[in-house]
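The values are calculated or read from the model by the stated rules, or taken from the named source; none is laboratory data. These figures come from a predicted structure and were not determined experimentally. Positions of Cβ are generated from backbone atoms using ideal geometry, with glycine treated the same way; all protein chains shown enter the neighbour counts. For accessibility, only protein heavy atoms count, side chains too; no ligands or nucleic acids. Shrake-Rupley method; radii C 1.70, N 1.55, O 1.52, S 1.80 Å.
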Amino acid sequence: RFSGVGTERLEAEVKARFPKATCLRMDADSMKSRLAYERAFADFRRGKIQILLGTQIIAKGLDFPNVRLVGVINADTALHFPDFRASERTFQLVTQVAGRTGRGPHGGQVLVQTFTPEHPAIQAALQHDYETFAQQELNVRRAFGYPPFSHLVRIVANSENENESQRMIHHLTESLQAIVEKMAWQEQIRLVGPAPAPLAKLRGKYRYHLQVAGRDHSRLLQSIGMVRDCLNPSKTVTWTIDVDPIDML
């Protein structure tokens, strides 16, 4: 079973184990303004804070020459998302965090907590081996027909009524499938779904999604355009159409 703990719980653990060290938590709850982030980083750089912990924000391109130890807690958080970029994002994050240490003359150490230490993304990140990771990841994407070897359109139906959201996404899928068969595009266009979105309910609305993949970008968009009537927003259902999506949640 994969599970995680929040930064508040992590802060409590750290303070209990290192009571003499000054610790600061950085997340959306504790940092209310841009100035709060700047003050925190300035205090950490001057040594007023010995332990800095938080979300991914503290991994992004910051240069602290005196940092000699970095810990990546629960590195699997993004690894098992239902997103074809999950491995890429995990490699990126672990590599970025690891890069925060060892910038001074004393070197540094990185500790990574993971349930799957054998995963190629984790192994490649620990070695800073981009070439190996990229080749493995590209082989997987080629085999399953994901970008950059195809284009992708993600369509999400949103409704306060779950049955209505589900009904409309199924109607859209049937219409698209009929067009693909009528135009003899079965080899060029592939439908994945429909299914509940990974974030199945967001801001009070139920979400179902469909992925439409194809190597021919113009033909892919043409097929979506041919079911335009299905995608007209109504009083009960609104649609999100994301071409070459970055976020799959």
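Points worth noting:
- Gaussian network model of the chain, Cα within-10 Å springs - most flexible of 95, 236, 77: 236
- Point-to-point label distance, residue 68-residue 136, nm (Cα→Cβ direction, 7 Å offset): 3.2 nm
- The eigenvalues of the Cα gyration tensor, multiplied by 5 and square-rooted, give the chain an equivalent ellipsoid with semi-axes of 43, 23, 15 Å from largest to smallest.
- Amide H contacts of residue 26 (H built 1.01 Å from N, under 5 Å, at least 5 apart or other chain): 53, 54, 55
- All lysines inside 22 Å of residue 20 as judged from Cα atoms, apart from same-chain residues fewer than 8 positions distant: 48
- For residue 46 and residue 89, the difference between the fully extended length at 0.36 nm per residue and the C-alpha to C-alpha distance is 12.4 nm.
- Accessible surface, 1.4 Å probe, highest first, among residues 80, 151: 80, 151
- Within the shell of other residues whose beta carbon sits under 10 angstrom from the beta carbon of residue 206, the net charge comes to 0, with Lys and Arg scored +1 and Asp and Glu -1.
- Reachable lysines from residue 201, criterion Cα separation under 29 angstrom, eight or more residues apart if same chain: 32, 235
- Modelled label reach - residue 171, point 7 Å along Cα→Cβ, the range 195-228 residues with backbone N closer than 13 Å: 228
- Positive contributions from Lys and Arg (+1) and negative ones from Asp and Glu (-1), summed over other residues with Cβ under 10 Å from the Cβ of residue 240, come out at +1.
- Overall form of the range 20-65: rounded. Here a/c, set by the Cα gyration tensor axes a ≥ b ≥ c, is under 1.5.
- With Cα atoms defining each centre, the range 138-166 and the range 197-214 are spaced 9 Å apart in the structure.
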